[in-house]
Each structure stands twice: as structure tokens, then as C-alpha cells.
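Below: one structure in C-alpha cells.
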Amino acid sequence: MLLHVPEVFTQDEVALLRETLDAGPWSDGNATSGHQSALAKRNMQLPETCPEALEIGLVIRQALEANPMFVAAALPHTIYPPLFNRYEGGQAFGTHVDNAIRQQRGGPLRIRSDLSATLFLSDPDDYDGGELTIQDTYGEQSVKLPAGDLVLYPSRSLHRVTPVTRGARVCAFFWLQSLVRDDAARETLFQLDVATQRVSLDKGPADQAVVELTGVYHNLLRRWAEV
Ligand code: NI
């Protein structure tokens, strides 16, 4: 499942984030690549542990942990600290799959990447190209979102970034380990959650059906979650 999470940040908030990020020590993006993706990747990145990446990464994680749609869809166990990339002057990232395991350099953090996310931090009118193209079970989907919006997709998907032929595309990207490893199980829980909330809006949160559906949700989560 591909999920568009709108307005994680407002345009004004994005402008503030960009002020900090743009002043950072951008360098060759291949620092974080696995062997396969190093062959396909041409972009710039902020070093993982530079103050700008750490500061804005924390702001992003806090915003996501407070975002009901993101939490319901991702069921996050551990969010890997966000990284930042910039594509310009024809830069692109060819088709690849993200590494299954992310180990923080020099740190104790290690996650299995269940979900990948891209948070767009450039106005789509400010650049040409730069679509994130994801191969889904339903075919290829091309994603280019307003600044402040996020796309969440299964890390097992092959994906690429098309060349940026005008302007610059700045994004945050990160991986997370979910409480529910299986994509289909996680998607079913999300659908049940959304449907239950719909019934709750209609009938009120104390309605017997809402209580029973909420029970089913938690009992499935209890079966499927790895905490
Ligand atoms: Ni990738």
C-alpha cells in the first residue's frame, strides 16, 4: 500500500526547516548507499550526524509521532533518524530496493526496514522531474507531492527518482520498523481502524459496535505485533 500523508508540515513550517537544512554541509550522496544502490545514485545528501540533520530529523520524528494517520498506517516500532537529499542538474536515482537492515554508523540502533518514507520539502513548481516512481502490486505509481506532504510505501518495492532537469528537489527520507511486519496484515489493521472511526463518528464512541470493532482491532494487533 502506498499512502499519501498530507500536510505533515505547513508551507511556513517547511520554509523554516529549509532555512536550517540549506545551510548544512551537503556532500556526495553515496555515503549511505549499499553496493547496489551506489551504482544507481547521483545526488547530494547531508551527513547523517551533522547538527542540521539531527535537529530537523528530530522535528520530523516528533511531528510524525503526533500524526494520527501516519501512526495508524505505519504502526511504528522504531523510526530510523531521517536523512536528507537534494537532486539538481540532471541528478537521479536509478531503480533499486532499499537495504533490509539499517545499522546506524557508530551507534547501537539497528532496524529492519519495513516501510520507506519520503517527505517532500520543495514546492513541486520549483523543479521539473524528480518524481519518485514506485513499483506497486497494481503497477507503477509516480509520486510528486506538495512541500510538507509525505508518502509511505513498503520497503520491498523497487523504486527510483527520475532526473531533476530544472531547479532543485529537497526531501527527507527515512525507514522504519513497524510493529507489524507483514504489509497485508498492517494494511488490514489500517482499514479496520479507518472503518471503526467512521462508525464511531456516525454512532458515537460508546456504541456497542464501535466497542466490539475496537476489541477486534486490538486482538488482531495482539496476534500480529512484535514489540
Ligand atoms: Ni530508496
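The values are calculated or read from the model by the stated rules, or taken from the named source; none is laboratory data. Only a predicted model underlies this, so the values are computations on that prediction, with no experimental measurement involved. Ideal geometry is used to build each Cβ from the backbone, glycine not excepted, and the neighbour counts take in all protein chains shown. When the accessible area is computed, the model is the full protein with side chains, heavy atoms only, and any ligands, DNA or RNA have been set aside. Shrake-Rupley method; radii C 1.70, N 1.55, O 1.52, S 1.80 Å.
Of all residues in region 21-54, count the ones that are at pLDDT 95 or above and open to solvent by 80 Å² or more (accessible area, probe 1.4 Å).
Selection size over region 21-54: 2.
Also, quick follow-up: Please list, ordered by first then second residue, the pairs with beta carbon atoms under 9 Å, 6 or more apart or interchain, first in region 93-106 and under 15 Å from Ala117 (Cα atoms), second part of a loop (DSSP other than H, G, I, E, B) and away from the ligand (no atom under 14 Å from the Cβ).
Arg102/Leu109
Of everything in region 166-184, what is open to solvent by 10 Å² or more (accessible area, probe 1.4 Å), over 19 Å from Leu121 (Cβ atoms) and outside any loop (DSSP other than H, G, I, E, B)? Give them in sequence order.
Gln177, Asp183, Ala184
Right, Ser122: open to solvent by less than 50 Å² (accessible area, probe 1.4 Å) and assigned to a loop (DSSP other than H, G, I, E, B) or not?
Details: open to solvent by less than 50 Å² (accessible area, probe 1.4 Å): yes; assigned to a loop (DSSP other than H, G, I, E, B): yes.
Here the answer is yes, as Ser122 does meet what is asked.
Just need a number here: residues in region 84-110 that are surrounded by 19 or more Cβ atoms within 10 Å (Cβ to Cβ), among the hydrophobic types (A, V, I, L, M, F, W, C) and either away from the ligand (no atom under 16 Å from the Cβ) or under 15 Å from the mean Cα position of the chain (by Cα) (or both).
Counting residues in region 84-110 that are surrounded by 19 or more Cβ atoms within 10 Å (Cβ to Cβ), among the hydrophobic types (A, V, I, L, M, F, W, C) and either away from the ligand (no atom under 16 Å from the Cβ) or under 15 Å from the mean Cα position of the chain (by Cα) (or both) gives 1.
Please verify whether Asp114 is at pLDDT 95 or above and open to solvent by 30 Å² or more (accessible area, probe 1.4 Å), treating the condition exactly as stated.
Values: at pLDDT 95 or above: yes; open to solvent by 30 Å² or more (accessible area, probe 1.4 Å): no.
No, not satisfied.
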